[in-house]
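Before any comments, here is the structure.
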Amino acid sequence: MTQFLVAALYKFVPLEDYAELRLPLLDVCTANGVYGSLLLAREGLNGTIAGPEDGVRAVLDHLRADERMVDLVHKESWCEHIPFKRMKVRLKKEIVTLGVPSVDPRKHVGTYVSPQDWNSLISEPDVLIIDTRNDYEYAFGTFKGAVNPETRSFRQFPDWLKQQRDLGKAKKVAMFCTGGIRCEKSTSYLMDLGIENVFHLDGGILNYLEKMPQTESLWSGECFVFDERVSVDHDLKPCWGKVIPEAAKGFVRAGRDVSDEAA
């Protein structure tokens, strides 16, 4: 059976000419049979693409040919069908929408924690574990003991944080999201608020599931993704919406166009 490569990627990097990058990038994707959604903004790049392995790698090579993105990191998984219907490259104000213009992950972010060290961190006493994703994502799976902010979009996350009076009292605050991008912004925002004991899972849940053996994993459930796979299991295999938690129904449908929440 043919396997298609899925690549999730993001990078915070100044791209003042981001509008000029759109059409060449779209052309490379189209020419190589690659589908998905990519966002370009002055603050960088974010998105997920899928297609034949050679095609996806050609797109990644195109991006890394720009010296500003030579060290672009991506996360890989595989599936038997391309989980997108078309290819979109969109121009945005933010590559993930927090709605707080002053937040700049290039200035400072929380301490990165590798998947290999994450279990130890979240098992410590007095560590506040926060799932920065939306409530329908939380319903699919999360880490034991993680707080659900019960948001419907990342824009609501700053208001939720402001209401958490115990944040500054926590010995450590550990945050995680799907691929890492939302934690870059949320930990940066917390540091702007004067909270410095902030940590986040490097590469997000997808990196954790790839690197951590299931026998040692503290993850429970599936990981929601923003395409027709709907979610992936601990082996990063697509679930294609076989099971949708009751709490997520009404908010989840395959292929929903919310890719600016995607990582």
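The values are calculated or read from the model by the stated rules, or taken from the named source; none is laboratory data. No experiment lies behind these values; they were computed from the predicted model shown. Glycine also receives a Cβ, built like all others from the backbone with ideal geometry; neighbour counts cover every protein chain displayed.
General observations
- Residues that are at pLDDT below 95 and aliphatic (A, V, I, L, M) were ranked within the stretch 167-187; the one that is nearest to the chain's Cα centre (by Cα) is L167.
- Selected residue (only one of I82, I49, I95 is part of a loop (DSSP other than H, G, I, E, B), farther than 21 Å from S186 by Cα and aliphatic (A, V, I, L, M)): I82
- Filtered residues of the stretch 74-103 (kept if exposed (fewer than 14 other Cβ atoms within 10 Å of the Cβ) and either within 19 Å of F157 (Cβ to Cβ) or among the aliphatic types (A, V, I, L, M) (or both)): L91, K93, P101, S102
- Looking across the stretch 17-46 at every residue that is out of contact with any strand residue (DSSP E or B) (no Cβ under 9 Å at 6 or more places or on another chain) and not in a helix (DSSP H, G or I), the one that is farthest from V225 (Cα to Cα) is identified as D17.
- Residue identified as buried (at least 20 other Cβ atoms within 10 Å of the Cβ) and touching a strand residue (DSSP E or B) at 6+ places or on another chain (Cβ under 6 Å) among G141, G145: G141
- In a residue-by-residue description of the stretch 95-104, the property of being out of contact with any His (no Cβ under 6 Å at 6 or more places or on another chain) and without any contact (Cβ under 8 Å) to a residue 40 or more places away in the chain applies to at least one position.
Per-residue answers, yes or no, for (1) in the same structural domain as F12 (by TED's automatic domain parsing); (2) at pLDDT below 95; (3) surrounded by 24 or more Cβ atoms within 10 Å (Cβ to Cβ):
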site	(1), (2), (3)
R165	no, yes, no
E196	no, yes, no
H200	no, no, yes
I205	no, no, yes
P213	no, no, no
G221	no, no, no
L236	no, no, no
V243	no, yes, no
K249	no, yes, no
